[in-house]
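Following: one structure in structure tokens, then a few remarks.
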Amino acid sequence: MPDAMPDRPRRPDADAPPPDGPLPPRFPLLLAALLLTSAMSMLDQSIVATAGPSLTGDLGALHLYSWTFTAYMLTFSVAMPVYGKLGDLFGRRPVYLAAIVIFLVGSLACGAAGSMGQLIFFRALQGLGGGGLQVSAFAVLGDLMPPRRRAKYQGWFAGVMVIANLAGPLTGGLLTDQLGWRWIFYVNLPVGLLAMAGIWALLPRSTRGAARPRVDVLGTALLTGLIVCLVLVTDLSGRYGWAHPAVLGTGAGAVLLAAVWTRQSRRAAEPIVPLGLFANRTFTICVVVAFAVSFAFFGCVNFVPLFFQTVEGVSATRTGLLFLPAMIGMAVATVVAGQVIGRTGRYKWFPVASTALAALAAGLMSLTSADTGAVAVSALLALMGVGVGLSSQVTTLVAQSSAPRRHIGVSTSTVGLARNLGVAFGATVFGSLLNARLAVGSARLLPADVAERVVGGTLEPGRIGELGPRTASAVADVYSEALSTVFLSAVPVLLIGLVLALMLKDVKLEARGQGGPGGQGAERPAAPRRG
């Protein structure tokens, strides 16, 4: 069995280097390279959206188009725990560089794809690199600096990630219009090569012990299969419903793989995710809060455009503008949280405020109707964005700080994976709830032919006005009631996160001490005894 972890943020080891040791030479340049890789991985989650018509016009197979997103997110999620563990075992630098190479090869191949099947395969390859970029960037900060100094920089990373998500559709549209859809992938090459040069030249090499690391190949394969099943369950249930045989079979496979993986992790010398980490209450709370906040926020946000366009009659362009306050609020809150934690070392009340504000915003959004107004809904969405921003990277920071030094990569990737799975499950669960409520409301308020179009998803928001004033008003009411139920359903999830956040101990993060195993002069501990 893995050793239990202490239930508080870790203190420096007895043989730690001098407090607040110097950062690597030319650290601002290294930081810029880290930010570039993080931005690339996040940008490619959203940049494909606006290239869809042009892309499918060239490659065809419109029915497979959604898999260009699913394939990327699937391998992105699978890669995260693997890169986290390999970075802990072999040092961050070679693993990070390998992730960049895989991402750039995948980008080049995507741009050269000659069919939709090839594009989907190469997007999966790209995702294998993208997950490593995201984990490695945060793990490097954990390697190089103590928690309080790290907090200041992690806030900037989160801000860059939000900006990348915002800029993705716009950048994709511009590149597609000016140069063609293939350039949404080719543009990664100069950026990635510049970042790779910076990582190669500026990231310190870690010092490894003499013992050869023992990689848990079987555990890695089992965890990969488990993550694949979980992501596919969310995707397939969104397409066919939760009772479909494919969904039930994939779900049963996930349960079986989880049981076998747990058993393997207890026996392995170097498990891909040490179960002993979860003996630490602080670490476990961070993982669950990260999942809950992502589940609730993105489960709501995915359907806000539907509210704007069907209930409020807002255009697609204005819908994008109404989202800006939420994204800006999230970025600013993340940066501010990092700066405050960096100065004070106190972190507990950020997850508490985060879940409380998000729950309040979701509750108020559940009270909205066609009479509320798009600006008011945008303001509530901004309040939720601020709430989410207050904890978006605090959970990663605290999880890193509560884990032993040699597990900084694993702790980073575990929180990141929980956040990704929260996004996937939130969208699917709330989507199923929305469809069920639309079916009930349509049968009660709408003519049969209109109800069929609403339930089937074939009623375009821009054409609702053609149904006549009374029917259009009834359609708005149906969507409003269904979406109110979705928003209300986010509240208990966030309240669970709030209760857990209140259980965190109010302690100070270390202002001094060393980073993790990839830091300057850090040595990899000998492998633990097989238990």
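Only lysines eight or more places from LYS505 in sequence, or on another chain, were considered; those with a Cα closer than 17 Å are LYS348.
For the chain, the longest principal axis of the Cα atoms and the long axis of helix 116-144 meet at an angle of about 50 degrees.
Each principal axis of the Cα cloud of region 294-403 was evaluated for its coordinate range; sorted largest first, these ranges are 48, 23, 19 Å. Most tightly packed first, judged by the mean number of other beta-carbon atoms within 10 Å of their residues, the peptides 398-411, 368-381, 217-230, 415-428 read 398-411, 415-428, 217-230, 368-381. Between PHE27 and ALA279, the modelled label-to-label distance comes to 3.4 nm, taking each label 7 Å out from Cα in the direction of the beta carbon. For the chain, the longest principal axis of the C-alpha atoms and the axis of helix 245-267 are separated by about 10°.
Quick one: net charge around ILE272, please, counting Lys, Arg +1 and Asp, Glu -1 for every other residue with C-beta under 12 Å from its C-beta.
Values: positive: LYS85, ARG214; negative: ASP88, ASP216, GLU270.
Surrounding charge for ILE272 is -1.
With kT/(6 pi eta Rh) evaluated at 20 °C and eta = 1.002 mPa s, and Rh the Kirkwood radius from Cα pairs, region 216-269 diffuses with a coefficient of 187 µm²/s according to Stokes-Einstein. When Cα extents along the principal axes in Å is calculated for this entry, the matching label among (1) 76, 52, 45; (2) 73, 58, 48; (3) 87, 57, 39 is (1). Per-residue packing, averaged as other Cβ atoms within 10 Å, sorts the ranges 492-500, 290-298 into the order 290-298, 492-500, beginning with the highest.
Compared with the dominant principal axis of the Cα atoms in the chain, helix 67-90 is inclined by about 10°.
Give the peptides 129-141, 146-158, 343-355, 110-122 in descending order of average Cβ contacts within 10 Å, highest first.
129-141, 146-158, 343-355, 110-122
Both radii are taken from the alpha-carbon atoms of region 16-206; with Rh as the Kirkwood radius, Rg/Rh is 1.01. In summary, region 276-510 shows an alpha-carbon radius of gyration equal to 1.12 times the 2.2 N^0.38 Å reference for compact globular proteins.
Here, each number is a calculation from the coordinates, and none is a lab measurement. If you're wondering where the values come from, they're calculated on a predicted model, not measured in any experiment. Neighbour counts are summed over all protein chains in view; Cβ atoms, including those assigned to glycine, are modelled from backbone coordinates with ideal geometry.
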